[in-house]
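S.K.: Sharing a structure here in structure tokens format.
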């Protein structure tokens, strides 16, 4: 389990801040696994990426996760509290680079979506949503030996591809069984560890920068010196400084 230091967290926050969500997730991964190149991490299937993010989050902030979701019918804010272990899928052998589905006379070869695909879709390149994923990830499609454009694939074949993607990379889709205490509505709320972890890091970074500013002004210490303190020791100095 990889625990990010205060300096590493601030570095990841600074590196990821100008980017969209996929780039921010990649910045966190690069900080947690500096021995792996950014290109290698960017090529990881989304579920494998998310499994690593869960491990980094648990090592850095602990295993407990608490969040709020809005009830679709009534808008009530519903609290979700769970553990990393509740949603982490055991990772076996890496999925193959190219998978194949045969359905309704179609043979489709495809790869799993990765951070490069998410970044392209976020930037509006290559379509949007399911169509964009298919356009980027389908390697080739044939029906009775003839080439088929991804835009012409029947709905049932597309569902077969989606099912195969989910089976090969199950961590990529996490849904939490949720019931609204106000109206009783039950639904499955999507959970995105990349977005959740980034929001936590951003809130932590804002607090930490304020603490560094306070202690630097009070004692003349450098950022490196302040970040090198344990959180407990840093808090004691903040109390002495009157904050």
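Every number here is computed from the coordinates shown, using simple stated rules; none is lab data. Source: prediction; values computed, not measured. Note that we place each Cβ from the backbone using ideal geometry, even for glycine, and neighbour counts take in every protein chain shown.
S.K.: Subtracting the Cα-Cα distance from 0.36 nm times the residue separation, let me have the gained length for residue 63 to residue 155 in nm, one decimal.
M.R.: 29.2 nm
S.K.: Whole Å is fine, so just give me how far the alpha carbon centre of region 9-50 lies from that of region 200-243.
M.R.: Computed from Cα coordinates, the inter-centre distance equals 25 Å.
S.K.: Taking the 0 to 90 degree range and rounding to the nearest ten, how far is the long axis of helix 46-61 tilted relative to the main principal axis of the chain, both from C-alpha atoms?
M.R.: For helix 46-61, the angle is close to 20 degrees.
S.K.: A further question on this structure: Sequence gap at least 6, Cα distance under 8 Å: using those rules, report the relative contact order of the chain to the nearest whole percent.
M.R.: Computed value for the chain: 20 percent relative contact order.
S.K.: Using Cβ contacts closer than 10 Å as the measure, can you line up 191, 110 from fewest to most?
M.R.: In increasing order of surrounding Cβ atoms, one gets 191, 110.
S.K.: Just want the ordering: 178, 5, 60, from fewest to most Cβ atoms lying within 10 Å of their own Cβ.
M.R.: By the 10 Å Cβ count, ascending: 5, 178, 60.
S.K.: Want the number for residue 70 to residue 33: 0.36 nm per residue separation, take away the alpha-carbon distance, what's left?
M.R.: My answer for the length gained is 9.9 nm.
S.K.: Between (i) 16.6; (ii) 15.7; (iii) 13.4, which entry matches mean projected area of the Cα convex hull in nm² as derived from the coordinates of this structure?
M.R.: (i)
S.K.: Assuming R0 = 25 Å, can you tell me the calculated FRET efficiency for the pair residue 147 and residue 40, based on Cβ-Cβ distance, to the nearest 0.05?
M.R.: With R0 = 25 Å, the Cβ-Cβ based efficiency is 0.20.
S.K.: On to the next question. Taking the beta-carbon count within 10 Å as an exposure proxy, list 232, 221 from fewest neighbours to most.
M.R.: Listing 232, 221 from fewest to most nearby Cβ atoms yields 232, 221.
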